[in-house]
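Student: Let me give you the structure first, and then I'll get to my questions.
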Amino acid sequence: MLPKPGTYALILLSRPEEDIQVGRLGRLQIKPGFYVYVGSAFGPGGIKARISHHMNISNHPRWHIDYLRAVTCLHGIWYTYDSVRREHQWAEIFAHSRKASTPLGGFGSSDCSCKSHLTYYYSHPSLKSFSRKIHTRYNDHETVHMNKIFGSAKTHEK
Ligand SMILES: [Zn+2]
């Protein structure tokens, strides 16, 4: 992963948990399955710096995702170095996916008009299907890459 700006999606694997408090946004009931969170990194260090933030558990959660990340495993990352900020387009595609649901409105979308930047899938979402949708709708969209994480990302020990 490079220190270049871009857009990414975290694929988080969850186990049944109690509900968690997400800052001042509200409570989220954690279901077993996959949570997909969309963000973008256009600041210093780009995608690389942002992903290393998400690899670890924040002791001082700042973003909504930090609360969810603390109770899930980081399973994979989809990302693009597209110079256009694609996060809202991605969030919309995920939200309208037939297999997805939106567990908490406003998650990660306090500063935009998206319903949510978080979606829930019972089974692993398909990059192939996502990629096809995004390139069909936005034909100038750069390639979407995938990084799989094999148990290296930290999760909370209980
Ligand atoms: Zn948005």
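Student: From the list Ile93, Ile77, which residue is under 14 Å from Gly6 (Cα atoms), among the aliphatic types (A, V, I, L, M) and crowded, with 18+ Cβ neighbours inside 10 Å?
Tutor: Going through Ile93, Ile77 in turn, just one is under 14 Å from Gly6 (Cα atoms), among the aliphatic types (A, V, I, L, M) and crowded, with 18+ Cβ neighbours inside 10 Å: Ile77.
Student: I've got another one for you. Out of (1) at pLDDT 95 or above; (2) within 25 Å of Val144 (Cα to Cα); (3) within 13 Å of the chain's Cα centre (by Cα), what's the single condition that is false for Tyr67?
Tutor: (2)
Student: Picking from Lys158, Lys154, which residue would you name as being exposed (fewer than 11 other Cβ atoms within 10 Å of the Cβ) and modelled with pLDDT under 95?
Tutor: Only one candidate passes the filter, namely Lys158.
Student: Within region 121-141, restricting attention to residues that are over 18 Å from the mean Cα position of the chain (by Cα) and assigned to a helix (DSSP H, G or I), which residue is surrounded by the most Cβ atoms within 10 Å (Cβ to Cβ)?
Tutor: Ranking the qualifying residues of region 121-141, first place goes to His135.
The values are calculated or read from the model by the stated rules, or taken from the named source; none is laboratory data. Just so it is clear, the model here is predicted, and its values are computed rather than measured. All Cβ positions, even for glycine, are placed from backbone atoms using ideal geometry, and neighbour counts span all protein chains on display.
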